[in-house]
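Down below is the structure, laid out as structure tokens.
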Amino acid sequence: MATSTFVGRSAPSDDKRWRQVDVRMRRLGYRPDGLIEVLHTTQEVFGYLDDDALSYVGESLGVPPSKVYGVATFYSHFTLKPQGLHTCVVCTGTACYINGASALLAAISKELGVQPGATTPDGRVSVLKARCLGACSMAPAVVIDGEVHGHAVPARLVDVLEKL
Amino acid sequence: MSTDGPDGSAPVRHGRQPEPLIPDGPARASANVCQAAGCLSMGSDQLFETLRAAVLARGLHDVAVRRVGCLGLCAAGPLVEVPEQGRLFERVHPGEPKRTEDLVSSLAGETVAGRSVAADPFFSHQVKVVLERCGTVDPERLEDYVATGGYEGLSKALTSMTPEEVIAEVVRSGLRGRGGAGYPTGLMWRTVAKAEAPEGKYVVCNADEGDPGAFMDRSVLESCPQQVLEGMAIAGYAVGAHRGYVYVRAEYPLAVKRLSSAIRQAERDGHLGPEIAGTRFNFQVEVRIGAGAFVCGEETALIASIQGGRGTPKPRPPYPASSGLWGCPTLINNVETFANIPSVISRGGDWLNTIGTERSKGTKVFALTGAVTNTGLIEVPMGLTLRQIVFEIGGGLAEGRKFKAVQTGGPSGGCIPESLLDMAVDYETLAAAGSIMGSGGMIVMDDRTCMVDVAKFFMDFCREESCGKCLPCRVGTEEMYRLLDRVTTGMATRSHLAQLEDLAAMVRATSLCGLGQGAPNPVFSTLRYFRGEYLAHIDDHVCQAGVCPVPAGPPAGATEAALAGTATVSSGGRP
Amino acid sequence: MRSGKPKLATIWLDGCSGCHMSFLDMDERLLDLADRVELVYGCLVDTKEFPEGVDITLVEGAVSTEDDLRKIRQVRQRTRTLVSLGDCAVTSNVPGMRNPFGPRPALDRAYLENATSRQQVPTEVVPALLAESLPVHAWVPVDVFITGCPPSADRILEVVLGLLDGRVAEAAKVSRFG
Amino acid sequence: MSEVRTLVIDGKDVAATSDQTVLSAAEENGIHIPTLCHLEGLSDVGACRLCVVEVEGSPKLLAACATRVEEGMKVTTSSERLVAYRRNIVELFFVERNHICAVCVANNHCQLQDQARDLQLTHFELPPLHPELTVDATHERFVLDQNRCILCTRCVRVCDEIEGAHTWDIQGRGANARLVCDLGTPWGSSTTCTSCGKCVQVCPTGALFEKGRTVAEAKSRRPYLPYLVKAKRQGS
């Protein structure tokens, strides 16, 4: 198992949240194979991954920048852009799909004027697609700010979104 | 603190939660409140607190109120089971006090309510090995697991069996990998056990359950994580590994939380860590969280991901059994496979071998969803027929809809038509029917589902999840998706269909990993059983299910596309 | 006048005429070819209407405009063996480079941004662009493909003579893009 | 220690050492298997799938570049089916991106173009995907044209394995996969690039080329690589 000998670059800013990232890296022994774990922590703390964060994590773990970038853009869980104030996630798993998830997505995109994966220009709502939330028995399911809306229908959903 | 998964998965509550109510003596009645993801998203955590308060307020000292894992009938959540009375209470929404009151008076012995479990075909057809403790133990209490015989298998293996005897027992059980391919588990263990490993070996639990419409592994991890850990530790002993990883999807924060807590408790009580069961065997387990990539379910991609890189697969051979994590021999099994192991060891391989069919032994867990009445998590002996699963366990289709197909195996699987409903569910029969067992998603489709659209749905999935490393999958899935899109929008001719079939055959044969090799399967299986639907779209511009936006009128290509904008013909007019 | 010799035609859609130039590069061999075929339509023939019953038609260029489309449909109908001549006809090649951008930006670029006078997108005389510039076989069945930008005179002659001698399959053996 | 293995390739009895791949054993015996992502001197990834071969007893086709020889193996390298698949593969490469040979710097020096010729590919049946891609000309000596990139990752590997800079990697996935420099940085502002030019030399197409080259002028020097690898091994 390779370990990085590089330690010592200081955090990009004096933002206290970097400490949480540092703690995570230390716990993982600054091993390059901890990259995904550290990116998880960084995104949890900051909400997204910007260039500063990617450089810092890469340099601290001894992973070249292009590799960090390759990893961060490979996994759909990571985002390089800040997310909206609210999140609206439409499940597009098979059970939800055959129960009308595409109609829900279309209604939401129309209501908010953004495509899945994007955030409204005012930064209010991010619309996301999920592969399967495991809420198949309530299909089609939509999760708005962590709350699951089962057996969702477009009209009711639009109501909820308007009241956010 | 509460964190949402950025993918929007239900929030996971951290910190202290109210303790379960457990009477000093034997309980007269227990309210087992389901705390798996489905019921939680319907408010079962609040229900637990409400019930607890109500039982305390009524002074019912001999009544238990406990958190348990998945009770199975997810469609009717939030669920509470009272095992002493053999009753299941459905839809106990915390917002409807009447339902809670009924339940409490039943617990107090005043009335008899709820659904009787014994005679219910949803339950009576099931045989529980993997889900043995789902719905009976508290997923976060190791003592519950131990009290029901947990870790007996591990301690038996460590104290009275040699590693080769353990492997022999697994071989004798006939257990095959539950992740999809169905490779005999015992043989794989033996290969890893025999591999030379100057730098150690690893055991990896694949919990990157990515098939859309599948939540078996999630339920097992959320309901009884200890059983999986025990299986891994036994595997570690058998193959000579001292480190294990569980690779879990980031979309399953609750599973991650319960698993992490289970590891801590097991280490605390000496079921994991150094000198397990007083022997010299040591075994450590770490959780690694995926980050949203279906391809990481492929074992070489999973290894790349655990090593912190892009989850792209590698050509096999060499197989992970000889060269896996950091080049060391690595045993990779999925959650359900490991969850079978403790029983195989404690009860013996012959016991599991008596369940199932000639070549498919034991049980299989399915996530039964779609257009069926009883959606939920089930475990059935191998060899039950699809008809029994859909119409008896599943209770048939909702609202008198007409059955059309059942999809198994996820994006690499296939759709099985009505004419094959009486076939037995086992590895070989499913494969012969053009599908696969897969990890256990089973989605029932009715006459409102268009089979071309279903094929397109899965192809859309595959093209988005393709890692992009090998050309046939990267470009082939995209091209197949476009061809399917042509069919559903009435822009296709029969020559497009022929093109689709050729391309599908080529992608299947030449792709680097299972994702690409399996991606054409939904196309092949829908063409095999529902070719008429394709032709109706192409020749007659008709979508029988009324799903696809095929325009009325003569087939495309015969007409000039309309003029649009400045001197342009609107797109796509390839005949 | 009916000669009884096989009828050969050439047409030129969205291309640079390079393939026709290459055809002419056969030099004196053109005379030999002329002995074997009757050239019934093309840049060298003053016929306005594409004739019926053509045996071999060589098509240069991609299908980029409504006019191209109308022509190629008529040509296909009136031709026994249709030959895509050169990369534009075979792959849409350079004309197809506008496809990722769509026709409007291409027109703007040509008639507005780069025009020094009379900046205006024409609506008359110049035929309307199709949404995408596509190879010939995207619209009509094609029997033989000759790749190259342009294909060499030798290659063109070889394929045409091969067709005259009934050796269609050999055309592929000399394929090279670019 | 490597041991001797005997196997049969296309009906010919062949001896190889156990550390050899099917591809190298075939090449040594004058049996040509087409490749694109493989390059002598770099690790193999089995990504382009051009070198897939049939191995008796294996239900799946295997990439010759990434499969070690085994005793008694029976390999078929050019059945009718394999040739058809290879032709499909090259077609998919061509329709994936804008590979207009006529206006490419690598015209006549391109390995993709050569494959099309060798496989007698006359035209493409599948519609082109035509994504709109960028050209990065910010580096003082070199240019990256994503339109010509076939994602073979030779540049990524030579930069990582030989030069040790790891300037290149792949970003995104599936059809959105792209060659990427550092953190999506313009090549000219890369903090890791040593401007050694190895990536340019190993590029099989016109995706990476020296500035100042025009159509058909970009010629790579690939054979230098084995010498470099040898020198590197001796040095370490």
Helix B:521-539 vs. chain B, principal-axis angle (Cα, 0 to 90°, nearest 10): 40 degrees
Can you list, by residue number, the Cys in chain A that have no neighbouring cysteine C-beta under 4.7 Å? A:Cys88, A:Cys132, A:Cys136
Any idea what angle helix B:44-57 forms with the longest principal axis of chain B, computed on alpha-carbon atoms, 0 to 90 degrees, nearest 10? 30 degrees
Those cysteines in chain D that have no second cysteine Cβ within a distance under 4.7 Å are D:Cys51, D:Cys65, D:Cys101, D:Cys104, D:Cys110, D:Cys149, D:Cys159, D:Cys181, D:Cys193, D:Cys196, D:Cys203
quick note, the range B:149-353, DSSP beta bridge pairs, % antiparallel (nearest 5) is 10 percent
Select from C:Asp14, C:Asp25, C:Asp46 the residue whose mean-square fluctuation is largest in a Gaussian network model of chain C (Cα-Cα springs shorter than 10 Å). C:Asp46
Amide H within-cut-off set for C:Thr65, under 5 Å, with H built and near neighbours excluded: C:Leu130
Surpassing 29 Å at the alpha-carbon level, of the pairs A:Lys67/D:Lys211; A:Lys16/B:Lys314; B:Lys201/B:Lys314, are A:Lys16/B:Lys314
Rounded to the nearest 0.05, what FRET efficiency do C:Glu113 and B:Asp502 have when you use their Cβ-Cβ distance and R0 = 45 Å? 0.60
Chain B: antiparallel DSSP beta bridges as a percent of all, rounded to 5: 55 percent
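Counting pairs of alpha carbon atoms under 8 Å apart in space and at least six apart in sequence, what relative contact order in percent does chain B give? Kindly include the intermediate steps, with their values, before the conclusion.
On the way: 1266 pairs, mean separation 71.2, N = 575.
Reported relative contact order: 12 percent.
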Local electrostatic count, A:Val158, Cβ distance below 13 Å [Lys/Arg +1, Asp/Glu -1]: 0
At D:Asp13 and B:Arg448, where each label point lies 7 Å from the Cα along Cα→Cβ, what is the point-to-point distance in nanometres? 6.9 nm
Treat each spin label as a single point 7 Å out from the Cα along the C-beta direction, and report the D:Arg221 to B:Glu143 distance in nm. 7.6 nm
Whole number please: convex hull volume per residue of the Cα set in the range B:363-449, in Å³? 76 Å³
Most mobile of C:Asp154, C:Asp143, C:Asp27 per a Gaussian network model of chain C (Cα springs, under 10 Å)? C:Asp27
Specify the residue with the greatest mean-square fluctuation among D:Leu208, D:Leu121, D:Leu36, computed from a Gaussian network of chain D linking alpha-carbon atoms under 10 Å apart. D:Leu121
Where labels lie 7 Å past Cα in the beta-carbon direction, separation of B:Glu275 and B:Trp326 in nm: 2.5 nm
Below 8 Å, C-alpha to C-alpha, sequence gap of six or more: please give me the relative contact order for the range B:153-293 in percent. 26 percent
May I ask for the angle, rounded to the nearest 10°, between helix B:471-488 and the longest principal axis of chain B, with both axes built from Cα atoms and the value confined to 0 to 90°? 70 degrees
Indicate the gyration tensor shape class of the range D:79-236 (rounded, prolate or oblate), computed on the Cα atoms with a ≥ b ≥ c the square roots of the eigenvalues: a/c under 1.5 is rounded; otherwise a/b larger than b/c is prolate and the rest oblate. prolate
Where in the range A:88-164 are there trypsin sites (Lys or Arg not before Pro) that are in a DSSP coil and have at most 14 other Cβ atoms within 10 angstrom of their Cβ? A:Arg124, A:Lys163
Suppose R0 equals 56 Å. What FRET efficiency, 1/(1 + (r/R0)^6) with r the Cβ-Cβ distance, do D:Leu133 and B:Ala57 give to the nearest 0.05? 0.25
26 Å Cα-Cα reach of C:Lys173 towards lysines, excluding residues that sit fewer than 8 places from it in its own chain: C:Lys7, D:Lys219
For chain B, rounded, prolate or oblate, judged on the Cα gyration tensor with a ≥ b ≥ c (square roots of eigenvalues), a/c < 1.5 rounded, else prolate if a/b > b/c? oblate
For B:Lys364, give me every one of the lysines with a C-alpha distance below 22 angstrom, ignoring sequence neighbours fewer than eight places off in its own chain. B:Lys128
Counting pairs of alpha carbon atoms under 8 Å apart in space and at least six apart in sequence, what relative contact order in percent does chain C give? 26 percent
DSSP beta bridges in the protein assembly as shown: the antiparallel percent, rounded to 5, is 55 percent
DSSP-loop chymotrypsin sites (Phe, Trp or Tyr not before Pro) across the range C:1-101, with at most 15 other Cβ within 10 angstrom: C:Phe101
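Values quoted throughout were computed directly from the atomic coordinates according to the rules given, and no laboratory measurement underlies them. Note that the structure is a prediction, hence the values are computed from the model and not measured. Here the Cβ is made from the backbone with ideal geometry for all residues, glycine too, and neighbour counts use every protein chain on show.
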